[in-house]
Amino acid sequence: MEFHPKDLPVSKTYDLKDVKDASDAVEDMVKLGFNDRKEGFRVLMPKEAKLAKRIGYTVTTGVTYGLRQKKEIRDIKYWTYHYDENHYAIVLISSKGLTELGF
């Protein structure tokens, strides 16, 4: 089944401006958790290549590290895409939730 990441259900969207915001968003996502969720999280980043790369790296590695610290399953899928003319976006969702949704 073909789909676009924007079509996935999202429980919370984080509009990040810098790496500090990314760290705060990671803490919140890890606190809320990915297990037993059929929806994911969306992270919006400014369309500045260097800053977006830093934010994306901080989010993806931070989520994995945070889940490992909590001893939770780290089987997370994510996609990066052009959200609109001013933002890139990352959608993160658990593999189990993605399977349950039929993707």
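The values are calculated or read from the model by the stated rules, or taken from the named source; none is laboratory data. Since this is a predicted model, take the numbers as computed values, not measurements. Cβ sites come from the backbone with ideal geometry, for glycine too, and all protein chains shown count toward neighbours.
Among the candidates LYS6, LYS77, LYS50, which residue alone is free of Cβ contacts under 8 Å to residues at least 40 places away in the same chain and either small (Gly, Ala, Ser) or in a helix (DSSP H, G or I) (or both)? Walk me through it before giving the result.
Numbers: LYS6 fails: free of Cβ contacts under 8 Å to residues at least 40 places away in the same chain; LYS77 fails: either small (Gly, Ala, Ser) or in a helix (DSSP H, G or I) (or both).
Answer to the check: LYS50.
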So which residues in segment 15-71 are aromatic (Phe, Trp, Tyr), farther than 17 Å from TYR81 by Cβ and surrounded by 14 or more Cβ atoms within 10 Å (Cβ to Cβ), if there are any at all?
PHE34
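I'm checking my understanding of the structure. Among residues of segment 1-14 that are of a type in the set (D, E, K, R) and surrounded by 13 or more Cβ atoms within 10 Å (Cβ to Cβ), which one is modelled with the highest pLDDT? Talk me through it step by step, then tell me what you get.
Just the residues of segment 1-14 that are of a type in the set (D, E, K, R), to begin with: 2, 6-7, 12.
Keeping just the survivors that are surrounded by 13 or more Cβ atoms within 10 Å (Cβ to Cβ) gives 6, 12.
Details: LYS6: 89, LYS12: 96.
Checking each candidate, the answer is LYS12.
Which is of a type in the set (A, V, I, L, M, F, W, C) and assigned to a loop (DSSP other than H, G, I, E, B), of PHE34, PHE41?
Values: PHE41 fails: assigned to a loop (DSSP other than H, G, I, E, B).
Answer to the selection: PHE34.
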Restricting to segment 74-103, and then to whatever is among the hydrophobic types (A, V, I, L, M, F, W, C), within 15 Å of the chain's Cα centre (by Cα) and over 20 Å from ASP18 (Cα atoms), can you tell me which residue is surrounded by the most Cβ atoms within 10 Å (Cβ to Cβ)?
ILE93
